[in-house]
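Report on the structure given below.
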Amino acid sequence: MFDKILIANRGEIACRIARTCRQLGIAVAGVHSAADANALHVKVIGESIEIGGAAASDSYLRIDAVIDAAKTTGAQAIHPGFGFLAENATFARAVEAAGLAFIGPTPEVIERLGDKASAKQEAEAAGVPTVPGSKTPSEDAREIERIVRELGLPVMLKAAAGGGGKGMRAVTTFDGLAGEIESAMREAKNSFGYAGLIVEKLIERGRHLEVQIAGDGHGNVIHLFERECSLQRRHQKLIEEAPAANLPASLRGRMAADAVRLGKRLNYRGVGTVEFILNDDTYYFLEVNPRLQVEHPVTEMVTGVDIVALMLRIAAGDGLPFAQEEITCRGHAVEARICAEDPANNFLPSTGELAYVRFPADGIRVESGVESGSVVTPYYDSMLAKLIAYAATRDEALDKLGQALEESSIFGITTNQQFLKQLVDLTETRNATFHTRLIDETLDKLIAKEKTLDREALALGACFWLSQQRQTTTSNPWQSRDLTGWHMASDSEALSPIPVLHLEASGVSAAIRFGLLQADGSINVSINDDVLKARLIPLDHDRFTAIIGSRHEIVRIRQEQQSVFVHDRNGVHAMLAVPYLSYISAVAETSGELRAPMTGMILKVHVAVGDRIKAGDVAAILESMKMELRISSETDGIVTAVNCRAGETVERNAVVVIVEPEQAT
């Protein structure tokens with residue numbers, strides 16, 4: 001076994017690999033970018049080398065810098081985690097050329113699986129059924145369009161060198177086909193350094209299943225059963241489970257046998273995942289991910305196998321520690337990925353500082369790459385943490401996962417946490433009648449897009465803000481238990497004659513007035529003249545029993561500067577709290593200003609000063625968190641200013657283009 005390894009990754013996976021290494025007595029070192037100097041994985045690993053700038057291309061994707069870091073720290077091997085260089089044959093070969101061990105498949109196998117076309121050829125040679133479509137990748141947009149039209153709709157464009165849903169586009173109409181091809185190729189080039197695409201028939205309502213395999217590199221290959229990954233959006237998995245539900249034993253056996261047979265053909269070394277699309281009782285090969293998967297914890301929970309430890313033992317030459325018949329599957333595990341994104345705003349990624357992070361302490365497995373005070377930047381993937389629930393039955397595991405999502409608090413940026421809770425509770429999820437298009441088809445059920453006032457959450461936030469004001473202004477003569485500090489009436493039912501506080505949440509505003517503090521600790525709170533009686537009973541430093549009318553609930557509330565965060569049964573409510581007399585209500589009309597929705601790099605500018613533009617036309621394309629975001633005009637008009645250029649990084653809310661509305665010209 002190794003004495004020391006370098007972990008060439010970041011975030012939760014770097015922390016997770018370090019944990020297993022320490023359990024095995026293996027010392028660890030890490031790497032980090034300039035943007036990650038204070039990241040959690042740097043603190044957890046301890047010894048870490050800064051290898052470049054914030055962008056992944058300047059740091060985590062620098063093969064020379066990673067290998068130099070391994071040599072500097074005295075590591076004997078490198079674990080790539082997932083993403084970045086994990087499936088890069090050039091990197092694996094460079095690691096071995098440097099006299100180090102690569103904890104993963106051989107460079108030759110990575111090359112054979114390195115693009116979806118060659119992997120498909122390997123599957124066909126092994127007798128595994130494949131999806132009809134391209135045999136080889138192409139970087140010629142016209143050739144790709146010809147294949148699409150020849151194959152017939154619907155089809156899927158896939159980045160040949162890709163994974164993780166990058167460079168993939170479902171095509172169901174020929175309208176805008178050239179733009180979809182261009183976008184997929186550009187994303188593939190930016191993510192993997194190769195723009196080549198393959199085209200396959202799209203199975204629109206299939207299930208996404210994958211089989212975990214492991215091989216010793218000497219012809220011995222086993223499987224660790226399958227995982228269900230059908231609950232996904234934009235080809236990004238959100239909830240995964242093991243084993244797959246409602247899967248006949250005979251079908252499970254055939255898929256596992258095909259996965260093992262392909263692994264044996266490849267003389268596979270290390271762990272990998274053979275992915276399939278299931279349509280009724282017919283399945284097709286999709287790809288092989290020759291690396292550790294994000295969702296590997298659910299397999300670990302049901303088999304008892306530490307997959308990272310298994311990777312280390314195989315890479316060290318110790319072979320497979322068990323035979324196939326020794327692997328059993330017990331109980332059920334479900335995983336949810338908490339991401340920094342806003343489901344109500346088309347899943348726009350969120351960036352900024354995490355004011356507070358807290359996950360359940362007991363009964364749930366948490367894999368996290370963040371903590372209170374962590375900064376989420378636009379440079380990397382948006383995943384913050386994974387929650388994994390295990391129980392004897394699937395229903396029990398789903399119940400535990402839903403409860404864990406309710407109990408987790410992440411304040412400071414928007415996450416998909418409440419969306420995941422809705423997804424766990426969805427009827428199709430509970431009865432396992434899902435497919436890969438389910439989320440897209442049920443978004444209206446899963447997301448409340450209307451910006452409405454949550455009166456009870458606002459009342460609780462206002463009460464907490466008032467209590468904090470009392471604590472920080474002890475010399476104020478109005479600090480009596482019987483007074484709010486801003487109220488001079490004596491009637492117990494009376495409210496302050498003018499608003500005391502302005503609260504803003506989810507784009508809507510509320511003027512807050514307070515009544516007298518009553519002997520039982522309750523207080524009347526007016527939310528835009530709608531009066532609620534509220535009371536907060538402290539439980540610990542941030543948890544309270546909240547009482548509003550007949551409703552009793554345990555909530556978590558914190559305040560960071562002017563931001564108040566209330567986490568109740570409906571999720572996290574972020575409020576901006578400003579004393580009313582200092583609140584300025586006028587908001588400038590900005591309909592002609594096209595702003596960057598978040599910090600990122602401008603990929604392309606489609607307009608110039610003097611151009612006529614129509615509402616909905618794309619003025620510029622922004623890349624952030626490995627996603628392309630289109631900045632479109634809200635109105636017909638003339639472009640009067642262009643404040644950005646391709647390759648330039650812009651901040652969130654920066655005005656990139658100004659359009660003079662047609663009515664004013």
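The values are calculated or read from the model by the stated rules, or taken from the named source; none is laboratory data. On a predicted model such as this, the values are computed, not experimentally measured, just so you know. All Cβ positions, glycine included, derive from the backbone under ideal geometry; neighbour counts span all protein chains shown.
Please go through region 288-336 and pick out each residue that is within 29 Å of Ala75 (Cβ to Cβ) and surrounded by fewer than 16 Cβ atoms within 10 Å (Cβ to Cβ).
Residues satisfying the conditions are Gly304, Gly317, Asp318, Gly319, Pro321, Phe322.
Considering region 337-363 alone, what residues qualify as being under 17 Å from Gln418 (Cβ atoms), more than 12 Å from the chain's Cα centre (by Cα) and among the hydrophobic types (A, V, I, L, M, F, W, C)?
Scanning region 337-363 gives Ala344, Leu354, Val357, Phe359.
Out of (1) surrounded by 23 or more Cβ atoms within 10 Å (Cβ to Cβ); (2) modelled with pLDDT under 95; (3) among the charged types (D, E, K, R), what's the single condition that is false for Asp342?
So Asp342 meets the others, but not (1).
Would you mind stating whether Ser57 is outside the structural domain of Thr273 (by TED's automatic domain parsing), closer than 30 Å to Ser183 by Cα, surrounded by 15 or more Cβ atoms within 10 Å (Cβ to Cβ) and not aliphatic (A, V, I, L, M)?
Criteria not met by Ser57.
Can you find even one residue in region 418-432 that is crowded, with 18+ Cβ neighbours inside 10 Å, touching a Pro at 6+ places or on another chain (Cβ under 6 Å) and not charged (D, E, K, R)?
Yes, region 418-432 contains at least one residue that is crowded, with 18+ Cβ neighbours inside 10 Å, touching a Pro at 6+ places or on another chain (Cβ under 6 Å) and not charged (D, E, K, R).
Taking region 313-342 only, how many residues are more than 30 Å from Pro378 (Cβ to Cβ) and either small (Gly, Ala, Ser) or not assigned by TED's automatic domain parsing to the domain that holds Gln293 (or both)?
Qualifying residue count for the region: 7.
Here is a yes/no grid of residues against (1) under 20 Å from Arg10 (Cβ atoms); (2) modelled with pLDDT under 95; (3) assigned by TED's automatic domain parsing to the domain that holds Pro243; (4) not hydrophobic (A, V, I, L, M, F, W, C):
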| residue | (1), (2), (3), (4) |
| --- | --- |
| Ala361 | no, yes, yes, no |
| Ala391 | no, no, yes, no |
| Lys421 | no, no, yes, yes |
| Glu428 | no, no, yes, yes |
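Can you tell me which residues in region 151-171 are at pLDDT below 90 and either more than 22 Å from the chain's Cα centre (by Cα) or buried (at least 23 other Cβ atoms within 10 Å of the Cβ) (or both)?
Ala160, Ala161, Gly162, Gly163, Gly167
Could you tell me whether Thr173 is part of a loop (DSSP other than H, G, I, E, B) and out of contact with any helix residue (DSSP H, G or I) (no Cβ under 6 Å at 6 or more places or on another chain)?
Yes.
Given the conditions (1) assigned by TED's automatic domain parsing to the domain that holds Leu320; (2) within 24 Å of Leu438 (Cα to Cα); (3) touching a helix residue (DSSP H, G or I) at 6+ places or on another chain (Cβ under 8 Å), which single one is not true for Ile213?
(2)
For Tyr60, work out the one condition from (1) more than 10 Å from Val31 (Cβ to Cβ); (2) in a loop (DSSP other than H, G, I, E, B) it doesn't fulfil.
Status for Tyr60: all satisfied but (1).
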